[in-house]
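Report on the structure given below.
Each value in this text was obtained by applying a stated rule to the coordinates, not by laboratory testing. None of these values were measured; they are calculated from a predicted model. Cβ sites come from the backbone with ideal geometry, for glycine too, and all protein chains shown count toward neighbours.
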Amino acid sequence: MPKVQLNTPAPDFVLNDFANKPVRLADFRGRKNVLLVFNRGFS
C-alpha cells in the first residue's frame, strides 16, 4: 500500500460507523474533518 504524503488529499476509503453503516471519506469532501488512527500495537 502506498504511503500518504504530507499536505496531499487523502485517498478515498470506506469504513463502517458505530451503526455498521458504510461511510466514505468522499462524503466529507469540502468540509473540514479530522481522521484519528489508533494503533493497537502499542498496548
With a ≥ b ≥ c the root eigenvalues of the C-alpha gyration tensor of the chain, is it rounded (a/c under 1.5), prolate (a/b larger than b/c) or oblate?
oblate
Measuring from its Cα centre, the chain shows a charge dipole (+1 at each Lys and Arg Cβ, -1 at each Asp and Glu Cβ) which, in debye to the nearest 20, is 80 debye
